[in-house]
Amino acid sequence: MIVGQQKPLEEIWEMVKDRKRLLVLGCNTCVAVCHEGGNKEAGIIASLLRMKAKKEGVSMEITEGGVERQCEEEFFAPVLAAIDETDAVLSTACGIGVQFIAAFWKDKPVVPALNTTFLGGVEQIGVFSERCQACGSCVLGRTGGICPISRCAKRVLNGPCGGSVDGRCEISKDTPCAWQLIVDRLKELGQLDRYEDLAPIQDWSTDRAGGPRTLVREDL
């Protein structure tokens, strides 16, 4: 899932304070799971902005709505009219959703209510941890299902590094060494011999830092 975190209200206000009609648009998939950007959160942000506008003496009509996913056009239907009637959209989606909405309504400013932080999983209620950096060349089959790219501070592919002490990363004694986790997991699977297989030099051209990518499925 994509994890995000709401921007400070003052930062949001600076982006929307000059608008007369604002739509706060929720996204009810990833960012709703982490309780940052679903319909409920969109409603809360809208209420806070109404109070802020009243306090600042600004006349602003603020409405709220939401769709299942802002990253797929097929889900836009319920909010077509609402977007047409507003002069700006405050999206509580991840950065992908913001860009999708902006691409379809080129005449309207679309601004983010969240900072998109990482791809992660739910450790427990209210705790989310990074698990994937979308490198485009997955090594999980070799590392027992534990990603050294997202969980190692140095992105070491043949580890551990010299800074690992007693199974902990040198950046913090509270951070487990990713490669210690990998070794322990391979032992559990009876595959510790795989640890001795050296990873080839990584082709980082597939990494998210290598430029924009598009996946086309011909069978869809």
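The values are calculated or read from the model by the stated rules, or taken from the named source; none is laboratory data. Just so you know, these numbers come straight off a predicted model, no measurement behind them. Neighbour counts run over all protein chains shown; Cβ positions are idealised from the backbone, glycine included. Only protein heavy atoms, including side chains, enter the accessible area calculation; ligands, DNA and RNA are left aside. Shrake-Rupley method; radii C 1.70, N 1.55, O 1.52, S 1.80 Å.
Apply the a/c threshold of 1.5 to the C-alpha gyration tensor of the range 45-143 and tell me whether it is rounded, prolate or oblate.
Prolate.
Which label belongs to the value computed from this structure, given these candidates for P(r) over Cα pairs in 10 Å bins from 0, in percent: (1) 8, 26, 26, 20, 14, 6, 1; (2) 7, 31, 31, 20, 10, 1; (3) 9, 36, 40, 14, 1?
Here P(r) over Cα pairs in 10 Å bins from 0, in percent agrees with entry (1).
Please check which bits of the range 153-170 a label hung off residue 197 would reach, taking the label as a point 7 Å along Cα-to-C-beta and the cut-off as backbone N under 16 Å.
Taking a point 7 Å out along Cα→Cβ of residue 197, the residues of the range 153-170 whose backbone N falls under 16 Å are 157-159.
Report the antiparallel proportion of the DSSP beta bridges in the chain as a percent, rounded to a multiple of 5.
If we restrict to bridges inside the chain, about 45 percent are antiparallel.
Contour minus end-to-end for residue 124 and residue 51, with contour as 0.36 nm per residue of separation and end-to-end as the Cα-Cα distance?
23.0 nm
Under a 1.4 Å probe, what is the accessible area of the chain per residue, stated in Å²?
Computed with neighbouring chains in place, this is 58 Å² per residue.
Using alpha-carbon pairs under 8 Å, 6+ residues apart, how would you state the relative contact order of the range 1-124 in percent?
35
Which far-off residues, 5 or more places away or on another chain, put their amide H under 5 Å from the one on residue 128, with H placed in the peptide plane?
123
Would you please give the residues with an amide H less than 5 Å from that of residue 4, counting only those at least 5 places away or on a separate chain, with H modeled from the backbone geometry?
117
Run the numbers on the chain and let me know its relative contact order in percent, using alpha-carbon pairs under 8 Å that are six or more apart.
Here the relative contact order equals 18 percent.
Under a plain spin-label model, where a point goes 7 Å from the Cα along Cα-to-Cβ, how far apart in nm are residue 106 and residue 82?
Each label point is offset 7 Å from its Cα along the Cβ direction, giving 2.5 nm.
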